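Asks: The structure is given below, and queries will be raised subsequently.
The values are calculated or read from the model by the stated rules, or taken from the named source; none is laboratory data. Just so we're clear, the structure is a prediction, and the values are computed from it rather than from any experiment. Neighbour counts run over all protein chains shown; Cβ positions are idealised from the backbone, glycine included. The area values use the complete protein model at the heavy-atom level, side chains included, leaving out ligands, DNA and RNA. Shrake-Rupley method; radii C 1.70, N 1.55, O 1.52, S 1.80 Å.
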Amino acid sequence: MKIFDFLETFVKIVAGVCLFAVFALVTVQVASRFIFNSSVAAASELSIYAMIWTVFLGAAVAFRSNSHIAMDILKNRFPARIMPIADGVIFLLLAGFLCLIATEGFDLSMRAMRQTSPASKIPVGYITMAIPVGSILALVFLCEWQARQLHKARNRD
């Protein structure tokens, strides 16, 4: 669907910008240490925050294509007729886990808004907001992927 394609592209772009920020900030940090014999504390801190956002956004994109690490050892031992049930149970467990992470991450972010980071003085809630944002995006992509799988299964029958 076009809306999910757009959302995935947007998330990839934001994650790419965050990853580039990590590269740029680490380069500034290393250059300032070796060339100017001085450290930019905010650069180190901000690169860690950008990496956190990159990881959560990238994990959400992985849910869209079902390319995250899967533990299929137990599932592959089931007979073929039980596989759809196992897939449904796995979907429900993942969806429940993502909902839990999103709600708890949001609570954490709201509490962390009162605290500022030491060097850059950014409210820590903006950094921890990567947890619920990434989890909600992952849940959206997981549901979309599951709907596509169900649509494929119905068309085969």
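Asks: Could you pull out the residue among Ser32, Ser39 that is small (Gly, Ala, Ser), assigned to a helix (DSSP H, G or I) and farther than 22 Å from Gly134 by Cβ?
Replies: Within the list Ser32, Ser39, the selection yields Ser32.
Asks: Across the stretch 69-88, which residue is modelled with the lowest pLDDT among those that are assigned to a loop (DSSP other than H, G, I, E, B) and open to solvent by 70 Å² or more (accessible area, probe 1.4 Å)?
Replies: Met71
Asks: Follow-up. Could you tell me how many of the residues in the stretch 56-68 are open to solvent by 40 Å² or more (accessible area, probe 1.4 Å) and either of a type in the set (Phe, Trp, Tyr) or touching a residue at least 12 places away in the same chain (Cβ under 8 Å) (or both)? Working first, answer last.
Replies: Residues of the stretch 56-68 open to solvent by 40 Å² or more (accessible area, probe 1.4 Å): 56, 59, 65-68.
Narrowing further to those that are either of a type in the set (Phe, Trp, Tyr) or touching a residue at least 12 places away in the same chain (Cβ under 8 Å) (or both): 56, 59, 65-66.
Residues in the stretch 56-68 being open to solvent by 40 Å² or more (accessible area, probe 1.4 Å) and either of a type in the set (Phe, Trp, Tyr) or touching a residue at least 12 places away in the same chain (Cβ under 8 Å) (or both): 4 in total.
Asks: Would you call Arg64 in contact with a Phe, Trp or Tyr (Cβ under 6 Å, 6 or more places away or on another chain) and closer than 30 Å to His151 by Cβ?
Replies: yes
Asks: Right, next: Could you please give the count of residues in the stretch 1-20 that are surrounded by 12 or more Cβ atoms within 10 Å (Cβ to Cβ) and more than 16 Å from the chain's Cα centre (by Cα)?
Replies: So the answer is 1.
Asks: Could you check the stretch 100-119 and list, in sequence order, the residues that are open to solvent by 90 Å² or more (accessible area, probe 1.4 Å) and under 17 Å from the mean Cα position of the chain (by Cα)?
Replies: Leu100, Glu104, Phe106
Asks: Looking at this structure, is Ser44 within 29 Å of Gly125 (Cα to Cα), open to solvent by 40 Å² or more (accessible area, probe 1.4 Å) and of a type in the set (S, T, N, Q)?
Replies: So Ser44 passes the test.
Asks: Can you say whether Phe23 is open to solvent by 70 Å² or more (accessible area, probe 1.4 Å), at pLDDT 90 or above and in a helix (DSSP H, G or I), as far as the supplied structure shows?
Replies: On the way: open to solvent by 70 Å² or more (accessible area, probe 1.4 Å): yes; at pLDDT 90 or above: yes; in a helix (DSSP H, G or I): yes.
It is true that Phe23 is open to solvent by 70 Å² or more (accessible area, probe 1.4 Å), at pLDDT 90 or above and in a helix (DSSP H, G or I).
Asks: A further question on this structure: Go through (1) touching a helix residue (DSSP H, G or I) at 6+ places or on another chain (Cβ under 7 Å); (2) more than 22 Å from Ala153 (Cβ to Cβ); (3) not hydrophobic (A, V, I, L, M, F, W, C) one by one and return the number of the condition Asn66 breaks.
Replies: Unmet condition: (2).
Asks: Listed residues Phe97, Phe34, Phe91; which is loosely packed, with under 15 Cβ neighbours inside 10 Å and over 25 Å from Val14 (Cβ atoms)?
Replies: Phe34
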